[in-house]
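The values are calculated or read from the model by the stated rules, or taken from the named source; none is laboratory data. Not measured: the values here are computed from a predicted model. Please note: Cβ atoms are built from the backbone with ideal geometry, for glycine as well, and neighbour counts cover all protein chains shown. Each accessible area value is taken on the protein alone, full model and side chains, heavy atoms only, with ligands, DNA and RNA left out. Shrake-Rupley method; radii C 1.70, N 1.55, O 1.52, S 1.80 Å.
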Amino acid sequence: MSVVIDSSVALTWCFEDEASPQTDALFERVRDDGAVVPALWHLELANVLLRAEKRGRIATGDVSTRLELIAELPIATDHEMAARAWRDIMTLARAEGLTAYDAVYLELAIRRGLPLSTKDDALISAAQRIGVAALS
């Protein structure tokens with residue numbers, strides 16, 4: 001696996017108006033080298049896509065198509081989130097001023113020794129403060 005990706009980055013692959021050369025390059029990197037995500041990532045993607053569907057930003061059929069394309073990528077799910085939530089993740093969230101939801105991505109990047117790709121400025125700053133490579 002080459003990188004930890006959060007939902008903010010993966011969602012750029014679902015909405016054309018959020019795509020950029022950088023997110024396209026990340027898609028290719030994930031396609032070629034794989035990525036790792038916490039189990040929470042799947043629910044975050046589903047939640048944002050459902051909200052976008054309700055607002056008419058994306059059609060129901062397009063949600064399914066996008067999720068099928070993402071499912072074909074070599075993205076591994078790390079299942080240690082629950083075991084680490086009340087200790088490592090909460091401690092990291094407190095120390096870095098993050099939500100527990102964001103800290104789970106940072107903890108995963110630290111534990112796996114991988115860079116973190118996100119569009120979240122607070123998460124990028126926290127990663128940089130503690131020496132994790134952040135790809136925005």
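Which one is farthest from THR99 (Cα to Cα), of the residues in segment 113-133 that are of a type in the set (S, T, N, Q) and touching a residue at least 60 places away in the same chain (Cβ under 8 Å)? Ranking the qualifying residues of segment 113-133, first place goes to SER117. Look through segment 46-62, keep the residues that are among the aliphatic types (A, V, I, L, M) and in contact (Cβ under 8 Å) with a residue 24 or more places away in the chain, and return whichever of them is surrounded by the most Cβ atoms within 10 Å (Cβ to Cβ). It comes out as LEU49. Of the helices (runs of 4 or more DSSP H) lying entirely inside segment 28-136, the ones with 2 or more residues being in contact with an Asp or Glu (Cβ under 8 Å, 6 or more places away or on another chain) and over 19 Å from GLU16 (Cα atoms) are found at 90-96, 100-112, 121-129. Of all residues in segment 76-89, those that are open to solvent by less than 20 Å² (accessible area, probe 1.4 Å) and not aliphatic (A, V, I, L, M) total 1.
Against the list (1) open to solvent by 60 Å² or more (accessible area, probe 1.4 Å); (2) touching a helix residue (DSSP H, G or I) at 6+ places or on another chain (Cβ under 6 Å); (3) of a type outside the set (D, E, K, R), the condition GLY97 fails is (2).
So that you can scan it fast, the table gives a plain yes or no per residue for (1) under 14 Å from the mean Cα position of the chain (by Cα); (2) open to solvent by 30 Å² or more (accessible area, probe 1.4 Å); (3) of a type in the set (A, V, I, L, M, F, W, C); (4) at pLDDT 95 or above:
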{"site": "THR91", "(1), (2), (3), (4)": "no, yes, no, yes"}
{"site": "GLU107", "(1), (2), (3), (4)": "yes, no, no, yes"}
{"site": "ILE110", "(1), (2), (3), (4)": "no, yes, yes, yes"}
{"site": "ASP121", "(1), (2), (3), (4)": "yes, yes, no, yes"}
{"site": "ALA126", "(1), (2), (3), (4)": "no, no, yes, yes"}
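Remark: pairs (first residue in segment 13-38, closer than 11 Å to LEU73 by Cα and open to solvent by 10 Å² or more (accessible area, probe 1.4 Å); second residue in a helix (DSSP H, G or I) and modelled with pLDDT of 90 or more; Cβ separation under 7 Å; 6+ apart in sequence or on different chains) = PHE27/TRP13.
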